[in-house]
Structures are given as structure tokens and as C-alpha cells.
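Single-structure report; data block below.
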């Protein structure tokens, strides 16, 4: 087993998916936040799970970040 497969198994992200579904409320929230943040950028992580080879995105995760008109930088050391 190669390193990537081993690491995926350890981290529990070895499931495969062929399709992605994003809940419409997540899309609405992304658009709303983007409009409120304009002209600055923002950054968020997508939250979800894989069920029957479908990645279902059901929410957003926000971490502290710094934003400007050109970029947004997430402070990943504060991940949950």
C-alpha cells in the first residue's frame, strides 16, 4: 500500500465519490456572505459527508481569517 492510501485510511477519508450535491441553503449562504463581504474576499470550508458514493455538502465551517480586496487567508492552526 502506498503512502497516500495509508494516510487516507488513517485519516478516514478513503471513501470514493462520483457525484457532489450541495444543499441549496449552503449556496444561498455563500452568495449572501459574498455580497456582504464585497469588495473583500472571504474564506470558509465546506462541511458534509459521503453517502453511497455521493459527497453531500450540508454546511460551512468558518475559521478566523484575514481578508483584503485581493485575498483571504485562513488561520488553519485554529481548525476544530
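Values quoted throughout were computed directly from the atomic coordinates according to the rules given, and no laboratory measurement underlies them. What you see is a predicted model, and the numbers here were worked out from it, not measured in a lab. In this analysis, Cβ positions are derived from the backbone assuming ideal geometry, glycine residues included, and neighbour counts consider all displayed protein chains.
Structure summary
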{"item": "Simple spin-label estimate for residue 6 and residue 58 in nanometres, 7 Å along Cα-Cβ", "result": "3.3 nm"}
{"item": "Distance between modelled label sites at residue 71 and residue 47, nm, 7 Å Cα→Cβ extension", "result": "2.7 nm"}
